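Heads up: the structure comes next, in structure tokens.
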Amino acid sequence: MSDAPFTVIPVPCFADNYAYLVSSVGSSAAFCVDASEAAPIEAQLILRGLELTAILSTHHHYDHVGGNLELAESRPGLPIYAHESDAVIGRVPGQTHALVDGEAFVVNGISVRAVHVPGHTLGAVAFVAADCVFTGDTLFLAGCGRLFEGTPAMMHAALGKLASLPPATRVYCGHEYTLKNLAFAARVEPENAAILERQQHVATLRARALPTVPGTLGDEFATNPFLRVSVPALLTRYRTDDAVRCFASLRAERNEF
């Protein structure tokens, strides 16, 4: 497979969602990850002189696929990729390609690999391209998604798959939740200096109305409690020696935060 260089353009949608336009360098072709709503994406395509050639959907929730059909309406045959389980029951609007775990494909000369990460939903997929991973609502910066369909064990395993990527991997997630996630992380690990440092950096970005994406997996290993459930301090806090039980307690506490 070819590996064309590319740029990633975050497109704010709704109140706190991100869609992403991924554009090959030197080409007007672009694909979209998580077409939350059509209008902001169309505006960015026009502004940047780009042509939409495909949509990659991380999961079926409306705030990630709500723009699929409107974008496809003026682009007959537009490829829309999502997990095979969502294709079976038609949960991703306009889906044309059913992906399996580890499946590799090429869009606009960009090599992409699908990683099945059930937990938030059963058909959740992350997309890996070069040193970037698009995680939808599975892995957030300093947090993770709620368990709407999966179990703690499933989500812990899904996060483990993402954590196996190199620490320099850039993480592009589905929502701008980073400040609140870090506030929770600081409550869970008040002695973690890396969390405080990251809080200050993120607060500066948000004060300037800048996105916090991307982060790196290295940052997540240092500051994201959901990737740190094997750390002795967290196991002690939740009175267990089992990482999955620790994760379950942590997620339950975050639900009420």
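A few notes on this one:
- So Leu147, is it out of contact with any Pro (no Cβ under 6 Å at 6 or more places or on another chain), open to solvent by 20 Å² or more (accessible area, probe 1.4 Å) and at pLDDT 95 or above: yes
- Leading residue by the ranking (surrounded by the most Cβ atoms within 10 Å (Cβ to Cβ)) among those in region 93-103 that are in a strand (DSSP E or B) and touching a helix residue (DSSP H, G or I) at 6+ places or on another chain (Cβ under 7 Å): Leu99
- Subset of region 17-37 that is in contact with a Phe, Trp or Tyr (Cβ under 8 Å, 6 or more places away or on another chain) and not in a strand (DSSP E or B) - its residue that is surrounded by the most Cβ atoms within 10 Å (Cβ to Cβ): Asp34
- Scan of region 203-224 for residues that are without any contact (Cβ under 8 Å) to a residue 40 or more places away in the chain and either assigned to a helix (DSSP H, G or I) or not basic (Lys, Arg) (or both), ordered by number: Ala203, Thr204, Leu205, Arg206, Ala207, Ala209, Leu210, Ala222
- Scanning region 48-73 for residues that are of a type in the set (Ser, Thr, Tyr), more than 24 Å from Gly26 (Cα to Cα) and open to solvent by 30 Å² or more (accessible area, probe 1.4 Å) yields one hit, Tyr62.
- Selection count where residues are part of a strand (DSSP E or B) and either modelled with pLDDT under 95 or of a type in the set (A, V, I, L, M) (or both), scope region 150-172: 1
Condition check ((1) closer than 30 Å to Ser85 by Cα; (2) touching a Cys at 6+ places or on another chain (Cβ under 6 Å); (3) basic (Lys, Arg)) across all residues:
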position	(1), (2), (3)
Pro152	yes, no, no
Met155	yes, no, no
Gly160	yes, no, no
Pro190	no, no, no
Leu234	no, yes, no
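- Residue list for region 167-200, restricted to those being open to solvent by 40 Å² or more (accessible area, probe 1.4 Å) and either touching a helix residue (DSSP H, G or I) at 6+ places or on another chain (Cβ under 7 Å) or polar (S, T, N, Q) (or both): Pro167, Ala168, Leu179, Leu196, Gln199, Gln200
- Set Asp86, Asp63: member being in contact (Cβ under 8 Å) with a residue 40 or more places away in the chain and of a type in the set (Asp, Glu): Asp63
- Members of region 104-127 that are closer than 21 Å to Ser24 by Cα, free of Cβ contacts under 8 Å to residues at least 40 places away in the same chain and surrounded by fewer than 22 Cβ atoms within 10 Å (Cβ to Cβ): Phe105, Arg113
- Options Ala126, Ala72: the member that is outside any loop (DSSP other than H, G, I, E, B), in contact with a helix residue (DSSP H, G or I) (Cβ under 8 Å, 6 or more places away or on another chain) and within 27 Å of Pro5 (Cα to Cα): Ala126
- Being at pLDDT 95 or above, polar (S, T, N, Q), under 15 Å from Ala129 (Cβ atoms) and touching a strand residue (DSSP E or B) at 6+ places or on another chain (Cβ under 9 Å) holds for only one residue in Ser111, Ser85, and it is Ser111.
- Positions within region 235-247 being within 16 Å of Gly119 (Cα to Cα) and open to solvent by 40 Å² or more (accessible area, probe 1.4 Å), in sequence order: Val244, Arg245
- The set of residues in region 78-92 that are open to solvent by 40 Å² or more (accessible area, probe 1.4 Å) and assigned to a loop (DSSP other than H, G, I, E, B) comprises Gly90, Arg91.
- Residue selected from region 1-16 under the condition part of a loop (DSSP other than H, G, I, E, B) and hydrophobic (A, V, I, L, M, F, W, C), by the criterion surrounded by the most Cβ atoms within 10 Å (Cβ to Cβ): Ala4
The values are calculated or read from the model by the stated rules, or taken from the named source; none is laboratory data. Fair warning: this is a prediction, and the values are worked out from it, not measured in the lab. All Cβ positions, even for glycine, are placed from backbone atoms using ideal geometry, and neighbour counts span all protein chains on display. Quick note on the areas: whole protein, heavy atoms, side chains included, nothing else; ligands and nucleic acids left out. Shrake-Rupley method; radii C 1.70, N 1.55, O 1.52, S 1.80 Å.
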